[in-house]
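Have a look at the structure below, then the notes.
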Amino acid sequence: MDWLLEPFLLGFQQRALIGGLIAAVMCSVVGVWLVLRGMSFFGDAFVHAVLPGIAAAVLFDFSPYLGAAIAALVMVGGIEFIHRQSSLKEDTAIGLLFVGMMALGVAIISKSASFTGSLTSILFGDAFGVTWDGIRSEAIIAAFVVAGSLALYRPLLGLAFSPVKAATLGLRPRVTHALLLAMIAAAVIGSFQAVGTLLVFGLLVGPPATAALVSRTVPRMMITSVLLAAASVWLGLTLSYRLGTAGAATVSLVAVAFFFVVLHLVWLRRLGLRRRGVRSDADAAAASASARGAAGTEGAA
């Protein structure tokens, strides 16, 4: 029991756990829709896109949440502009803005006197530096993201499986897509202090992708994703304490490791079922041959 509780005895460790769990909930919930829509590359680019906004906030001393929100709007607007004004596909626009926004962020933060420290904190988070004020802000954003995901469940489900059919049902897929982008942005903005702008992607995609391997319905996928993300935070922070590694990086690494462990288990299960099926077919064929042989013997008699 001491092995489980010791990493969270101090106040800053408890704040890291609470902040990480809140980030886990909102990232894993909205991440389900990201994975179902096949938007993982966009999610990765979006995570990097908020970097210049946060960097400008650090340099000019204003709210990092405001800076990240402005950067997110620029990213979305830039993708739409390139897509509409050229024949290039959307992934090309995302790739261009991915590199450009991240480079701009590093360029801005390089003007800071504490360049290395500020850049490390923004990119990789400061899980053990989370304050109660930060947790309160994070909790408000998480409530918005979770409530939005539940309220828009039917439109998001239609958008994930068939935007055309969603439009025919009057679900307004373009509006739903815009609201989904807003929720992704909110999850990234709310989580950057706890797990960093780069490592938030681990919670945004890792647990939902793992849940997709073992879930047959979207509600079950969402619940499984939240549980996996929470387990990743707890185990990641525990291992960080025991091994002396960076907290946020260890959390993201555990989230990705869960995926490969579950993927391997699913593969072994399918292999076992396949072998069992082959064995059953062989037994059935042998029984059929035996029955035919017995029938032939009786006929001869």
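Scanning segment 62-71 for residues that are more than 17 Å from MET183 (Cβ to Cβ) and modelled with pLDDT under 80 turns up just one, PRO64. Restricting attention to segment 242-255, the residues being touching a residue at least 24 places away in the same chain (Cβ under 8 Å) and surrounded by 19 or more Cβ atoms within 10 Å (Cβ to Cβ) number 8. Among the residues making up segment 245-267, a single one is assigned to a loop (DSSP other than H, G, I, E, B) and either at pLDDT 90 or above or of a type outside the set (Ser, Thr, Tyr) (or both): ALA246. Applying the criterion of at least 1 residues that are in contact with a Pro (Cβ under 9 Å, 6 or more places away or on another chain) to the helices (runs of 4 or more DSSP H) found wholly in segment 121-204 leaves 153-161, 163-168, 173-195.
Would you be able to tell me the number of residues in segment 160-200 that are open to solvent by 60 Å² or more (accessible area, probe 1.4 Å), under 15 Å from GLY148 (Cα atoms) and at pLDDT below 85? The number of residues fulfilling the criteria is 0.
Of all positions in segment 134-157, none carries a residue that is among the small types (Gly, Ala, Ser), within 21 Å of ALA69 (Cα to Cα), at pLDDT below 85 and open to solvent by 30 Å² or more (accessible area, probe 1.4 Å).
When you go through (1) touching a helix residue (DSSP H, G or I) at 6+ places or on another chain (Cβ under 9 Å); (2) not in a helix (DSSP H, G or I) one by one for ALA212, which number turns out not to apply? Status for ALA212: all satisfied but (2). Kindly establish whether PHE81 is assigned to a helix (DSSP H, G or I) and at pLDDT 80 or above. For PHE81, the condition - assigned to a helix (DSSP H, G or I) and at pLDDT 80 or above - is met. Is it the case, given these coordinates, that PHE46 is open to solvent by less than 60 Å² (accessible area, probe 1.4 Å) and among the hydrophobic types (A, V, I, L, M, F, W, C)? Judged against the criteria, PHE46 is a match. When ARG15 is tested against (1) within 26 Å of PHE259 (Cα to Cα); (2) in a helix (DSSP H, G or I), only condition (1) is not met.
Filtering segment 75-92 to residues that are under 19 Å from GLY53 (Cβ atoms), surrounded by 17 or more Cβ atoms within 10 Å (Cβ to Cβ) and free of Cβ contacts under 8 Å to residues at least 40 places away in the same chain leaves MET75, GLY78, ILE79. Applying the set (1) at pLDDT 80 or above; (2) over 26 Å from LEU4 (Cα atoms); (3) among the hydroxyl-bearing types (Ser, Thr, Tyr); (4) open to solvent by 40 Å² or more (accessible area, probe 1.4 Å) to SER288 leaves exactly one unmet item: (1).
The values are calculated or read from the model by the stated rules, or taken from the named source; none is laboratory data. A quick note: this is a predicted structure, and the numbers were derived from the prediction, not measured. Positions of Cβ are backbone-derived with ideal geometry, glycine not excepted, and every protein chain shown enters the neighbour counts. Accessible surface areas use protein heavy atoms only, side chains included; no ligands, DNA or RNA. Shrake-Rupley method; radii C 1.70, N 1.55, O 1.52, S 1.80 Å.
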